1. Summing +1 for each Lys or Arg and -1 for each Asp or Glu, what net charge is found among the other residues whose Cβ lies under 11 Å from the Cβ of residue C:81?
2. Can you give the accessible area buried between chains B and A, summed over both chains, with a 1.4 Å probe, in Å² to the nearest 100?
3. Mean separation of Cα pairs under 8 Å and 6+ residues apart, divided by the residue count of chain C: what relative contact order is that in percent?
4. Taking 0.36 nm per residue of separation and subtracting the Cα-Cα distance, what length does fully extending residue C:75 through residue C:50 add?
5. Please state the shape class of region A:164-267: rounded when a/c is under 1.5, otherwise prolate if a/b exceeds b/c and oblate if not, all from the C-alpha gyration tensor.
6. Please compute the average number of Cβ atoms from other chains found within 10 Å of each residue's Cβ in peptide A:260-268.
7. Counting each DSSP H run of 4 or more residues in chain A as -39500 (n - 2.57), what helix-only mean residue ellipticity at 222 nm follows after dividing by all residues, to the nearest 500 deg cm²/dmol?
8. State, as an integer percentage, the relative contact order of region C:131-244 based on alpha-carbon contacts under 8 Å between residues 6 or more apart.
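The values are calculated or read from the model by the stated rules, or taken from the named source; none is laboratory data. For clarity, every value in this text was computed on a predicted model and none was experimentally measured. Here the Cβ positions follow ideal geometry from the backbone for every residue, glycine too, while neighbour counts run over all protein chains shown. Note: accessible area is taken over every heavy atom of the protein model, side chains too, but ligands, DNA and RNA are not part of it. Shrake-Rupley method; radii C 1.70, N 1.55, O 1.52, S 1.80 Å.
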Amino acid sequence: MSAKPQSQYCRDAQKGMGSPRLQASLHSLQNRFGKGAMTLWAEMDDQDMRRRVKQSRMKNLDHLDILLAELAKKVRARGGHVHFAENAQDAIDYTLEVARKNEVKRVVKGKSMLSMEIAIDSALQEAGMEVVETDLGEYIIQLADDKPSHIIAPCIHMDRSRIGELFTEKLGINYTDDPPSLTAAARKALREKLLSADMGLTGCNLACAATGHISLVSNEGNIRMATTMPPVHVALMGMERIVATLDEHRETVQLLTRGAALQKLSTYVSFVGGPSTSDDPDGPKEFHLVIIDNGRSKILADPEFREVLACIRCGACLNICPVYGRIGGHAYNSPYCGPIGAVITPLLDGINKHADLCKGETLCGACKDICPVQIDLPRMLAGLRQKLAYGSDRWNTKQHNPLEAYAFTLWRQVVSWSPLYRTGLKIARLCQRPFVGKNSMIKRMAGLASGWTDGRDLPPIAKKTFTEIWQKKHATAEVKLPMATKEDNNA
Amino acid sequence: MSEKTVSLFIQCLVDTMFPETGEAMITVFDRLGVAYDYPPGQTCCGQPAFNSGYSRDAAAAAKHFIDIFEDTEIIVCPSGSCVRMVRHHYPELFADDQAMHSRALAIGAKTFEFTQYLVDELGINDVGAHFPDTVTYHDSCHLSRSLGIADQPRTLLNNVRGLELIEMRDSDTCCGFGGTFSVNYPEISVAMVDEKIDNILATKASTVTGCDISCLMNILGRIKRRGEDVQVLHIAQILAADKGEKR
Amino acid sequence: MHNQTTFLSAIRTALGETPNIERSKSTFPKLFAAPDTAETLKKIRSRTVTERNELVKILLHNGNTLNISSHIVESLPEAADLVVELIRSTEPEFNYTKHVIMHDHPDIAALELWKRFNREAVTLHTTFSRDRQITDKTIASFIGITAPTIGVADSATVIQLTEPGRPRSTSLLPSLHIALLRRENIVADLAEAYALLRQKSHLDSFVFISGPSKTADIEAHMVYGAHGPRELHLIVLAEPELEK
């Protein structure tokens with residue numbers, strides 16, 4: 001292929017496309033869950049539910065300060081601690097302090113993308129603690145020192161034999177590639193960790209302000225374990241993951257589990273409102289809720305992108321995106337992959353830094369169609385591209401490609417004045433001649449255009465454009481009257 | 001039948017690379033007795049700039065388009081994505097300019113995709129075409145997802161004499177074109193169109209058709225490179241065919 | 001609290017509100033407005049036995065697709081027979097002795113399980129409030145028995161509230177979870193269940209359980225028993241004397 005220097009995104013994308021295992025997994029994943037979700041939405045009795053939940057999500061964002069204050073008040077009333085963390089470091093420092101006070105040696109984690117976003121694992125490890133992921137997929141990823149490649153199915157890129165070898169090496173079991181046996185081995189190993197951990201560290205799927213609970217969904221039960229057995233529970237919550245009332249919770253959580261895995265509900269939905277009471281001997285003695293901003297208020301402030309905070313992180317958009325379906329999750333180089341990652345990662349971590357994520361989609365619109373809360377991701381991708389095109393002070397973004405910008409300035413002149421446009425076409429038609437191959441197609445072009453001809457032929461500019469044909473035929477007439485009379489129409 | 005004169009909005013790719021698609025549209029209109037004109041001076045709707053983020057440059061193209069088409073009765077275009085650009089994105093481009101915004105809304109309201117115009121506006125399900133061949137249909141994203149046009153082309157195809165429509169798997173999955181995406185990320189784009197072509201080949205249809213020449217150009221370009229034996233035609237070309245001639 | 005003040009000010013700034021003026025929830029009555037549930041509650045209360053039996057059927061059917069093993073019994077002794085059979089026929093997963101942990105609940109006590117095992121090596125524990133050894137006993141147990149507050153037919157869910165004498169781990173640590181549910185506590189869907197939850201003046205922690213623990217993380221292969229119970233047995237108690 002071309003000798004152009006390639007970005008990390010392109011290299012990782014190619015790696016993904018070159019993996020038969022990943023391709024097979026992505027294919028069956030999208031076939032089952034992507035199509036399944038579209039069918040679910042189409043057949044749902046309550047066709048207004050998605051719009052309603054979206055509306056409530058947006059309304060709650062507009063009143064976020066009130067909701068968070070109410071949540072904090074209710075949790076504190078039950079004896080829980082609430083900490084508001086402006087950024088990643090603040091959240092890490094607070095959690096480290098809790099761990100130090102409680103002499104924590106072992107931390108068990110429930111799956112949390114936010115924990116990856118703020119990179120808290122390495123901070124805990126550097127402070128001398130053992131950190132164990134307990135979601136099976138995340139555990140496998142951790143053992144392999146790899147990165148997750150799907151929001152819901154983190155090790156979708158690994159096959160059973162690789163996992164078998166990994167377990168043989170790390171857990172000392174006899175080699176097997178049988179999923180039930182592998183799961184049983186992890187169950188045993190993780191039970192030990194879960195029962196002896198000093199601290200459980202989880203995310204928060206959805207908090208409810210009116211009742212003062214956080215809720216967590218899981219199928220495995222690991223999150224219930226991590227929030228029940230260790231004496232300390234620290235929950236990390238993105239500040240936008242909140243609903244006002246239980247009724248909103250009911251509808252939102254159902255869209256979450258349907259979008260994620262076509263389930264009416266996940267196996268477990270746990271509501272935690274504080275530490276265990278004196279009457280109740282199991283459950284954590286301390287509960288800490290860490291509410292995290294880390295760039296979210298900046299998104300909230302921009303009406304163009306506020307909508308992305310309505311996301312409930314179900315991962316449905318990954319299950320339909322034709323680009324994600326080819327390249328897999330690693331190319332996104334972020335805890336958030338797929339279409340949602342392509343919007344949220346640049347906003348949280350820098351638009352210039354993640355320019356490939358902004359530009360690397362076809363804007364086909366499938367993600368918008370499947371989103372349980374109808375988030376217009378393509379609109380926001382186009383918005384991000386605008387920041388790259390012209391630069392943006394608000395987003396501290398530089399013009400991404402001045403050459404491209406210049407080309408579009410020229411293009412603008414050309415398309416705004418048709419004589420120039422027509423002359424340009426004539427010149428291009430002359431220039432293309434040497435490149436037209438035997439099948440009347442252009443086989444090879446230079447520069448940027450080689451991106452097309454590396455893998456595809458290109459039709460040449462026609463000998464006569466439609467405009468030229470028209471001008472020749474209808475040089476005089478303004479309006480072409482129909483040749484047939486109106487009576488003959490129903491042929 | 002509408003008394004209105006259709007103003008042809010010929011997408012730049014049709015004008016420059018696939019003029020036969022525009023001619024086919026004319027053939028269909030002639031057969032149906034629809035009056036039409038071709039406003040001179042049209043260039044490009046601005047979509048390439050818009051999709052790449054150059055909204056201000058796209059707005060210049062939009063302004064040019066509005067100037068040219070403003071006095072028309074009905075605008076019909078053989079491309080779903082261009083219609084979507086005019087209808088949905090022109091008003092966005094002029095969100096801060098009340099006068100232009102109104103002009104954009106007015107233009108959008110009278111701009112239709114070719115098959116949509118035939119079926120929804122003129123109430124025509126049968127254009128009197130004859131095309132004795134097996135055909136499969138690709139749903140272009142902006143056409144099907146954004147404009148909701150999926151039944152209209154199928155209705156028209158199903159009423160073409162001799163034509164057998166064979167649905168392909170995942171007909172509404174993106175072909176991987178995506179404008180500058182196809183040039184900026186050719187490996188991903190080609191992987192996507194390869195899957196599309198595999199689905200086309202699996203139908204064993206001899207022709208693949210669609211309502212958007214951009215997607216068809218992408219599919220055609222890859223089919224030629226792979227050396228596959230499938231004909232790629234814009235739907236207008238099929239609807240224009242008669243006497244069983246194969247194009 | 002300093003953190004909270006600056007944090008919420010930043011949000012107000014982002015929303016275009018005055019940063020330093022706290023917004024009170026009383027100014028936004030609609031924000032926490034919830035639909036009236038009186039009708040729903042009335043509907044739940046006034047269900048006939050026939051309607052309740054229909055809900056049982058739906059619950060069992062939907063539970064079946066989620067791999068819940070369900071049983072309908074007409075009396076507590078009949079339920080006890082089932083439980084005894086499960087205890088006898090199941091081998092412990094994590095150790096060699098048979099321990100069973102049970103919630104402190106009148107229906108479970110009424111099973112009188114201790115009468116059935118006076119000649120067998122089966123140890124029964126009840127999670128009496130303030131028993132400091134509950135965790136150890138639960139870890140040792142291979143079967144946990146609870147009596148959930150609510151059953152939901154549509155999603156095949158049991159709702160377990162954490163209350164004194166009813167800790168969380170009973171339905172979590174053992175290999176088998178047996179849930180004893182009265183027909184009267186079954187509602188049609190989550191809307192009804194949430195309406196009942198809203199009735200509770202004091203909601204501590206609670207959990208919705210819809211099936212045994214499961215994972216499909218390895219090649220999308222479904223395996224039951226990831227971390228929680230590998231089996232969920234739902235025993236619906238439908239006493240005939242309630243027929244009118």
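1. 0
2. 6500 Å²
3. For chain C, the relative contact order is 23 percent.
4. 7.2 nm
5. oblate
6. Numbers: counts 0, 1, 0, 4, 10, 11, 4, 15, 10.
Average per residue, whole number: 6.
7. -14000 deg cm²/dmol
8. Once normalised by length, the contact order is 29 percent.
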